[in-house]
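Read through the structure below, which is laid out as structure tokens, and then see the notes.
The values are calculated or read from the model by the stated rules, or taken from the named source; none is laboratory data. Here the structure is a predicted model, which means the values were calculated and not measured. No Cβ is skipped: glycine too gets one built from the backbone with ideal geometry, and neighbour counts run over all protein chains shown.
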Amino acid sequence: MYKGNALVIGASGGIGKALVKQLYESGEYEKVYAVSRTSAASPVNGVQYHSLDSENASLVAQYCQQLKQDNGQFTLVVCCIGALHATDADNQRIMPEKRLEDIQQDQLSFYFKTNAILPAIWLKHVESILKGTEPAKLVFFSARVGSISDNQLGGWYGYRASKAALNMMIKCAQIECQRRAKNISLISYHPGTVETELSKPFQSKVPTGKLFTANFTVTQLLKIIPSLSAENGPHYIDWQGNDIPW
């Protein structure tokens with residue numbers, strides 16, 4: 001059986017770290033690569049780590065070119081880049097908007113850059129390492145609130161819109177891959193509410209039993225993706241494997 005390679009982008013976060021560990025321990029991959037802005041605090045022996053600023057598109061391109069030169073085909077790439085809240089360069093808190101009056105240009109720019117533009121840059125460059133004779137999966141961590149048709153509550157303008165933009169990027173890329181890289185299946189994954197820094201300010205409102213560990217949602221993802229095909233892609237699914245309306 002062919003053992004492809006795996007790459008985790010945004011590997012220093014809670015979900016990214018759990019994903020790297022499970023992929024390596026599965027023994028299903030020839031090599032596991034992990035890339036993030038900062039160095040890994042608790043690296044897994046045997047994983048190939050690399051520090052890289054995803055805002056530098058040239059570095060992303062160079063890194064992917066090097067991966068292609070040094071390895072066989074990758075059969076899994078997972079992008080964990082995303083943000084729901086943050087503190088900006090001026091030490092101002094960025095939080096999801098509750099009403100129209102809360103909309104700010106700088107905050108919208110932050111959401112679109114982090115949740116749509118940076119993943120799109122990676123999408124552009126990882127296609128070359130996934131293209132090949134073996135089935136390959138390209139997964140992006142999205143969110144159910146990125147669904148336009150499922151939006152019944154409103155609010156969270158920047159986060160919702162940026163995740164919807166990411167979903168559209170994924171949809172466009174699958175159409176293109178079906179012409180030129182038929183082996184690649186694109187997946188937009190809603191992990192549920194996970195106990196990480198991303199969800200920390202909102203965890204008190206999560207119903208009992210609906211706050212998941214990073215290990216749980218990663219396990220769910222790795223169970224689901226083998227059954228997803230490029231022919232039926234792209235796939236917008238939740239942690240249970242259920243389809244989410246675009």
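Tabulated data
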read-out	value
Residue in the range 72-86 that is without any contact (Cβ under 8 Å) to a residue 24 or more places away in the chain and either outside any loop (DSSP other than H, G, I, E, B) or exposed (fewer than 15 other Cβ atoms within 10 Å of the Cβ) (or both) present	no
Unique match (being surrounded by 19 or more Cβ atoms within 10 Å (Cβ to Cβ), charged (D, E, K, R) and within 20 Å of the chain's Cα centre (by Cα)) among LYS113, LYS137	LYS137
Inter-residue pairs, beta-carbon under 6 Å, first more than 22 Å from GLN66 (Cβ to Cβ) and in the range 1-29, second assigned to a loop (DSSP other than H, G, I, E, B), 6+ apart	GLY13/CYS80; GLY14/THR196; ILE15/CYS80; LYS21/VAL44
The range 125-154, residues that are in contact (Cβ under 8 Å) with a residue 40 or more places away in the chain and assigned to a loop (DSSP other than H, G, I, E, B)	LYS131, GLY132, THR133, GLU134, PRO135, SER142, ALA143, SER147, ILE148, SER149, ASP150
SER36 within 17 Å of the chain's Cα centre (by Cα) and of a type in the set (S, T, N, Q)	yes
Single condition TYR33 does not satisfy, out of (1) over 26 Å from ALA164 (Cα atoms); (2) assigned to a loop (DSSP other than H, G, I, E, B); (3) touching a residue at least 24 places away in the same chain (Cβ under 8 Å)	(2)
Residue count, the range 217-246 (criterion: outside any helix (DSSP H, G or I) and under 21 Å from LYS182 (Cβ atoms))	10
Among (1) farther than 30 Å from VAL145 by Cβ; (2) at pLDDT below 95; (3) charged (D, E, K, R) - the single one LYS68 does not satisfy	(2)
Test: residue in the range 213-225 that is of a type in the set (Gly, Ala, Ser), farther than 21 Å from ASN115 by Cβ and at pLDDT below 95	no
